[in-house]
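The block underneath contains the structure these notes are about, expressed in structure tokens.
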């Protein structure tokens, strides 16, 4: 998730699946609240925050995190591995489409918050 102020809605998403979100003050506060209320959750079924370069675009941030996301949720780490990914806070570009295809993603659907 690339929305820098998603905060309170993070817990809603974590009920559906693992969440990776940019580490900003509001997002970290929401993540810490979730972690305190759900100490049994791991990175496979909880919330992971990650650092990013402040001047990076959402597209650049996502491209930089894809390898780590795949490492934690791909076929070598998770059973079953992820089969879908929801991107919030970025629009789909040809660059992202191409990079995501390297991880096996070939179908994309635009949403009100991303794709």
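The table below gives the values:
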read-out	value
Segment 40-55: number of residues that are within 15 Å of residue 87 (Cβ to Cβ) and assigned to a loop (DSSP other than H, G, I, E, B)	1
Matching residues, segment 68-98, being out of contact with any helix residue (DSSP H, G or I) (no Cβ under 7 Å at 6 or more places or on another chain), part of a helix (DSSP H, G or I) and surrounded by fewer than 13 Cβ atoms within 10 Å (Cβ to Cβ)	68, 71, 94, 98
Lone unmet requirement of (1) under 13 Å from the mean Cα position of the chain (by Cα); (2) under 25 Å from residue 112 (Cα atoms); (3) free of Cβ contacts under 8 Å to residues at least 40 places away in the same chain; (4) surrounded by 14 or more Cβ atoms within 10 Å (Cβ to Cβ) for residue 28	(1)
Segment 11-25, residues that are out of contact with any helix residue (DSSP H, G or I) (no Cβ under 7 Å at 6 or more places or on another chain) and either buried (at least 16 other Cβ atoms within 10 Å of the Cβ) or not in a helix (DSSP H, G or I) (or both)	13, 15, 16, 17, 23, 24
Flag if residue 63 is modelled with pLDDT of 95 or more, in a helix (DSSP H, G or I), surrounded by 14 or more Cβ atoms within 10 Å (Cβ to Cβ) and in contact with a helix residue (DSSP H, G or I) (Cβ under 7 Å, 6 or more places away or on another chain)	yes
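The values are calculated or read from the model by the stated rules, or taken from the named source; none is laboratory data. In this text, all values refer to a predicted model and were calculated from it rather than measured experimentally. Cβ coordinates were reconstructed from backbone atoms using ideal geometry, including for glycine residues, and neighbour counts include every protein chain displayed.
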